[in-house]
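Notes for the one structure printed next.
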């Protein structure tokens, strides 16, 4: 495969893991509300197989999606896993029968979560596990995560986890975690319209740490969308393809994991990696965040 395909490659610092920058997020493979099985399980399997056949080798998941559903679909679709496939999962939440999202942060919760992921994915060890800090909104909230990161570091020493990442965290929490163990990636809320992590992305890039935006396409007002649509029309692309392409241009440590349950939509997302954005176009798109801040 062409080295520039799917946004080029990213090597996780201090590891042997190398992924293409355009990956796939499995959350939408579960049923409505990320609960229960999908209406079309065979279609979900087809999406995963299409992603891997197109060169995707970074899949993001969690055993609390469904719960258990997305991991079981991944195993059905792809096990035994192809060489080089990196599956990244996350801990820190549970889904009780009322379908809510509740924190699961005790040592027992985290150890059980690792075992659930191992069992449902059919693995002996997890490539990367992100500790997802549950908050009240989209953004992170300050507070110590040392206890949870220490548990994951111990599970890593036991060989159940290869690498550790963080999700929904502040710069202070990342620094605290790095005092305990190596951190290879950070997943936070970030996109063309919501850019509060700009400085953090640059700081992580200097350390070779991946930054993986969640809600990469969320939170646009109609005014911002009109700017995006105008650029997309000029490029002969869809607005969300432009938003994904902008993220790939933003920094070489940004990895994308857009999710979908449709093969056609998956192909659209992957094609965004081929869009070339000129400096004037990038400047125009950068203005979307300026407008959001002013608004």
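Observations
- 0 to 90° range, to nearest 10: angle between helix 146-157 axis and the chain longest Cα axis: 70
- One chain, two ends: residue 134 and residue 290. Fully extended at 0.36 nm per residue, the span grows by 53.3 nm beyond their Cα-Cα distance.
- For segment 159-268, Kirkwood radius (reciprocal of mean inverse C-alpha pair distance, Å): 15.3
- Working ranking of peptides 272-283, 79-90, 165-176 by packing, defined as the average number of other Cβ atoms within 10 Å per residue, highest first, is 165-176, 79-90, 272-283.
- Residue separation of residue 11 and residue 230 scaled by 0.36 nm, minus their Cα-Cα distance, works out to 75.4 nm of gained length.
- Helix 239-250 axis, angle to the chain major axis (alpha carbon atoms, nearest 10°): 70
- Building the convex hull from the alpha-carbon atoms of the chain and averaging its projection over directions returns 14.9 nm².
- Each stretch of four or more DSSP H residues adds -39500 (n - 2.57); spread over every residue of the chain, this sum gives -12500 deg cm²/dmol at 222 nm.
- Label zone at residue 157 (point 7 Å along Cα-to-Cβ), backbone N below 16 Å, segment 104-120: 107, 111
- In this calculation the C-beta distance from residue 178 to residue 35 is compared with R0 = 35 Å, giving a FRET efficiency of 0.50.
- Estimated FRET transfer efficiency when R0 is 41 angstrom, pair residue 101-residue 278 (beta carbons, to 0.05): 0.50
- Taking the C-alpha atoms only, the angle from helix 41-53 to the longest principal axis of the chain is near 70 degrees.
Computed from the coordinates by the stated procedures, all read-outs in this text should not be read as laboratory data. Here the structure is a predicted model, which means the values were calculated and not measured. With ideal geometry, Cβ positions are generated from the backbone for all residues, glycine too; neighbour counts draw on all protein chains shown.
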